[in-house]
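Engineer: Just dropping this structure here.
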Amino acid sequence: MRNQSLKFLLLFMWAVLVSAGAFAQAKMPEDKSKRPSPPATVTAPNFVIEYSRPSVKGRKIFGELEPYGKVWRAGANEATTFEAKKDLKINGQALPAGTYALFAIPGEQEWTIIFNKTAKQWGAFKYDEKQDALRVKVKPSKTPQLVEQFTISVDKAGTVTLAWENTQAAFAVK
């Protein structure tokens, strides 16, 4: 009987330790900088964009890895977020202050840039068009050289450019 009690006690203690370790591990923040597509932030006076930066790695990106006509998360991992600190104009159209998921629908001749009200989501897997706050159409162009790692940049005039592989698309923020 004593051996059974000792076995039970040891088994119970092992279960408690395993559970505590799993709980502690679940609570520890993930170091996103160690991901294959590391995080990046673009900061402007009236908005902030947070995204992940996948690399080309010899692949054909637009039209293959990211099919034309299909919603893309504009980066990797979690959906890219666009935080408007105040009401803004995107290519002349109103976007209320708030945080949005930034998606794109790439096309050979035209891209659709989407600001979706469901900011926190993984990729575009649960994208819901009914949650779109704003859509704007833009014309893509060729980059002067290969852009190995997806990059979002903003210039002094407030033009945001998404560039990857040999393609870029831009929209104005005022």
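The values are calculated or read from the model by the stated rules, or taken from the named source; none is laboratory data. Keep in mind that what you see is a predicted model, and the values were worked out from it rather than measured. Here Cβ is always computed from backbone atoms with ideal geometry, including for glycine, and neighbour counts include all displayed protein chains. Quick note on the areas: whole protein, heavy atoms, side chains included, nothing else; ligands and nucleic acids left out. Shrake-Rupley method; radii C 1.70, N 1.55, O 1.52, S 1.80 Å.
Engineer: Those residues that are over 23 Å from Ala97 (Cβ atoms) and in a loop (DSSP other than H, G, I, E, B), I need them from segment 34-51; list them, please.
Structural biologist: Within segment 34-51, Arg35, Pro36, Ser37, Pro38 qualify.
Engineer: Please indicate, with yes or no, whether at least one residue in segment 121-134 is within 20 Å of Val42 (Cα to Cα), open to solvent by 10 Å² or more (accessible area, probe 1.4 Å) and among the charged types (D, E, K, R).
Structural biologist: no
Engineer: What are the residues in segment 98-124 that are within 19 Å of the chain's Cα centre (by Cα), within 21 Å of Gly158 (Cα to Cα) and free of Cβ contacts under 8 Å to residues at least 60 places away in the same chain, if any?
Structural biologist: Gly98, Thr99, Tyr100, Ala101, Leu102, Phe103, Trp111, Thr112, Ile113, Ile114, Phe115, Asn116
Engineer: Right, another one. Report yes if some residue within segment 80-92 is open to solvent by less than 10 Å² (accessible area, probe 1.4 Å), assigned to a loop (DSSP other than H, G, I, E, B), among the hydrophobic types (A, V, I, L, M, F, W, C) and touching a residue at least 24 places away in the same chain (Cβ under 8 Å); otherwise report no.
Structural biologist: no
Engineer: I would also like to ask the following. Do we find a residue being open to solvent by less than 10 Å² (accessible area, probe 1.4 Å) and under 14 Å from Ile152 (Cα atoms) anywhere in segment 69-76?
Structural biologist: yes
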